[in-house]
Amino acid sequence: MEHTRLVSPGSFCWNQACPDFGKVDHGNIIKFGRTKKGTQRYQCRTCERTFVETKGTVFYGRHHDQETILECLAWLAERNSLAAIHRVKGIKEETVTAWLREAAKHVEQIEALLIANYRLTRAQLDAMWTYVGNKGQKGDMRKKRNEAPSGAARP
Ligand SMILES: [Zn+2]
């Protein structure tokens, strides 16, 4: 089965405002020392933001590997059903929704990984989040913006 090569957290810039965001092996990421706990730190030379290897913590302590989890989320984004994932990959619907619920707490990180690895569109990502009915921080922000009163100061 063919799919995109999975990238490591230290191989691309996580900053969505950066011109080099999500570009894998683009040469903009350099090693940038280690944290006090010994975790490798990286810096994007384009935006100068720093990142650590543990980005994407949703994957830690799970029975399935990062690639499987991301692939299932990408499948959902491509409008495959939970039942289809169960049939093809043998992973229970509850398991996938649990990943998605966890992923919703790390919207920015998960979206960066999905975009970098699976070339998903904004619309596809939004479709994926509707499975948990929670777009996390981003959804809240969007809602607030829409609810902002306009012309309230009018005499
Ligand atoms: Zn950057």
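Every number here is computed from the coordinates shown, using simple stated rules; none is lab data. Only a predicted model underlies this, so the values are computations on that prediction, with no experimental measurement involved. Quick reminder, even Gly has a Cβ in these numbers, built from the backbone with ideal geometry, and neighbours come from all protein chains shown.
Quick notes on this structure:
- Once the gyration tensor of the Cα atoms in the range 59-102 is diagonalised, the equivalent ellipsoid follows with semi-axes of 16, 11, 10 Å, ordered largest first.
- What the Cβ-Cβ distance of HIS26 and LYS105 gives, at R0 = 30 Å and to the nearest 0.05, is a FRET efficiency of 0.60.
- Amide H partners (placed H, <5 Å) of CYS13, local residues excluded: GLY22, LYS23
- Here the Karplus curve 6.51 cos²θ - 1.76 cosθ + 1.60, taken at θ = phi - 60°, turns the phi angles of the range 76-86 into couplings of 4, 4, 8, 6, 7, 8, 4, 5, 5, 5, 4 Hz, with x standing for Gly and Pro.
- Using a Förster distance of 30 Å, the FRET efficiency for GLU93-GLN16 (Cβ separation, nearest 0.05): 0.50
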